[in-house]
Amino acid sequence: MIDTDELARMLVRDHEQGNRFRPFAAANGAASLEDAYAIQDRFVSLLKTRHGAPVGYKIGLTSKRMQAMCGIDQPIAGVVFSDRVHRSGASVAAADYGRIGLEFEIAVRMATDLPAQAVPFTVESVAAHVGGVCAAIEIVDDRAADYGELDVLSLVADNSWNGGIVLSEFRSAWPALDSARGIVRSNGTEVDRGHGRDVLGHPFAPLAWLANHLAAQGRHLRAGDIVMTGSLVTTRFPTSTEAYSFEVEGLGTVDLTVNAGSAS
């Protein structure tokens with residue numbers, strides 16, 4: 001049996017000490033995604049006292065580009081904490097992270113609870129429970145991982161690398177999200193672009209995946225939960241002070257500055 005408590009405490013120490021991310025799950029007895037999420041659950045429980053209550057979820061690896069980048073062929077989930085939620089226009093220090101990465105996404109906010117049901121959730125069935133949609137940036141901390149040796153169990157256990165989220169204003173009405181274009185700019189210059197359909201065909205498809213994932217664990221999405229639905233483009237790794245913006249057609253723009261100076 002894996003020692004989820006010890007592995008979770010190991011992750012806390014690794015983050016505190018700024019240790020580089022290395023695969024650890026298999027060497028410590030984790031043999032399945034169920035094991036990895038059990039470690040994540042304990043890790044999350046330890047982080048609550050430092051980072052506040054959970055306010056939602058991130059879903060990662062929902063686009064072919066991101067799956068190819070990480071060498072993993074399925075979505076993963078992590079938990080977002082209250083004091084890691086930033087408003088558009090925020091500034092963060094790169095030195096506060098092992099290695100900061102930025103992902104450019106469409107976020108949703110649940111209007112109502114989404115309890116488990118007899119049949120799997122679909123894009124259509126989850127849509128009725130969404131109360132708001134916005135442009136968003138996820139801050140990830142991969143702690144300088146070597147992507148050539150990355151394994152999904154260790155990544156999941158480490159709360160899927162969530163280091164925070166940055167949100168524009170939620171909108172209660174939104175365009176066709178599958179065709180909505182998202183443009184990433186750094187210091188005013190376009191550096192990448194994608195569409196809502198790049199995340200499993202529609203941003204609500206990862207949301208349905210998450211609802212089914214939680215149902216299998218005896219959990220469910222709740223009113224007010226914020227869900228990051230996955231990056232439309234591959235991760236950006238700022239190495240100098242940079243001002244990023246992510247504009248999504250019909251949803252507006254979210255802005256984040258990454259400062260290359262000292263930790264806050």
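Just need a number here: residues in the stretch 104-138 that are in contact with a helix residue (DSSP H, G or I) (Cβ under 6 Å, 6 or more places away or on another chain) and open to solvent by 10 Å² or more (accessible area, probe 1.4 Å). Final tally of qualifying residues: 6. With the structure loaded, tell me whether Thr112 is in contact (Cβ under 8 Å) with a residue 12 or more places away in the chain, under 15 Å from Ile226 (Cα atoms) and part of a loop (DSSP other than H, G, I, E, B) or whether it fails that test. Against the criterion (in contact (Cβ under 8 Å) with a residue 12 or more places away in the chain, under 15 Å from Ile226 (Cα atoms) and part of a loop (DSSP other than H, G, I, E, B)), Thr112 qualifies.
The lone criterion from (1) farther than 17 Å from Asp141 by Cα; (2) in contact with a Leu (Cβ under 9 Å, 6 or more places away or on another chain); (3) surrounded by 16 or more Cβ atoms within 10 Å (Cβ to Cβ); (4) not aromatic (Phe, Trp, Tyr) left unmet by Ile76 is number (1). Which one of the conditions (1) more than 21 Å from Val80 (Cβ to Cβ); (2) among the small types (Gly, Ala, Ser); (3) surrounded by fewer than 16 Cβ atoms within 10 Å (Cβ to Cβ) does Ala180 fail to meet, given that it meets all the rest? Result: Ala180 passes all but (3). Since Tyr37 meets every condition but one in (1) under 20 Å from Tyr97 (Cα atoms); (2) surrounded by 13 or more Cβ atoms within 10 Å (Cβ to Cβ), which condition does it not meet? Tyr37 satisfies every listed condition except (1). Restricting attention to the stretch 88-105, does a residue exist that is in contact (Cβ under 8 Å) with a residue 24 or more places away in the chain, on the phi > 0 side of the Ramachandran plot and out of contact with any Phe, Trp or Tyr (no Cβ under 8 Å at 6 or more places or on another chain)? Yes, some residue in the stretch 88-105 is in contact (Cβ under 8 Å) with a residue 24 or more places away in the chain, on the phi > 0 side of the Ramachandran plot and out of contact with any Phe, Trp or Tyr (no Cβ under 8 Å at 6 or more places or on another chain). Note on the stretch 184-264: enclosed strands (runs of 3 or more DSSP E) holding 3 or more residues that are open to solvent by less than 30 Å² (accessible area, probe 1.4 Å) and modelled with pLDDT of 95 or more are 226-231, 242-248, 252-259. Scan the stretch 61-79 and tell me whether some residue there is in contact with a strand residue (DSSP E or B) (Cβ under 8 Å, 6 or more places away or on another chain) and farther than 23 Å from Asp198 by Cα. No: the stretch 61-79 contains no residue that is in contact with a strand residue (DSSP E or B) (Cβ under 8 Å, 6 or more places away or on another chain) and farther than 23 Å from Asp198 by Cα. When the residues of the stretch 144-161 are filtered to those that are open to solvent by 10 Å² or more (accessible area, probe 1.4 Å) and not acidic (Asp, Glu), the one that is farthest from the chain's Cα centre (by Cα) is Gly148.
Got at least one residue in the stretch 95-102 being in contact with an Asp or Glu (Cβ under 7 Å, 6 or more places away or on another chain), hydroxyl-bearing (Ser, Thr, Tyr) and over 21 Å from Asp3 (Cα atoms)? Looking through the stretch 95-102, at least one residue is in contact with an Asp or Glu (Cβ under 7 Å, 6 or more places away or on another chain), hydroxyl-bearing (Ser, Thr, Tyr) and over 21 Å from Asp3 (Cα atoms). Checking each residue in the stretch 59-98 for being under 15 Å from the mean Cα position of the chain (by Cα) and among the aromatic types (Phe, Trp, Tyr) picks out only Phe81. Selection of first residues in the stretch 184-196 that are among the hydroxyl-bearing types (Ser, Thr, Tyr) and of second residues that are assigned to a strand (DSSP E or B), restricted to Cβ pairs under 7 Å at least 6 apart or on distinct chains, gives the following pairs, ordered by first then second residue: Ser186/Glu242; Ser186/Tyr244.
The values are calculated or read from the model by the stated rules, or taken from the named source; none is laboratory data. Worth saying up front: this structure is predicted, and the values here are computed from it rather than measured. Don't worry about glycine lacking a Cβ; one is built from the backbone with ideal geometry, like all the others, and counts go over all protein chains shown. Keep in mind that these areas ignore ligands, DNA and RNA; they rest on the heavy atoms of the full protein, side chains included. Shrake-Rupley method; radii C 1.70, N 1.55, O 1.52, S 1.80 Å.
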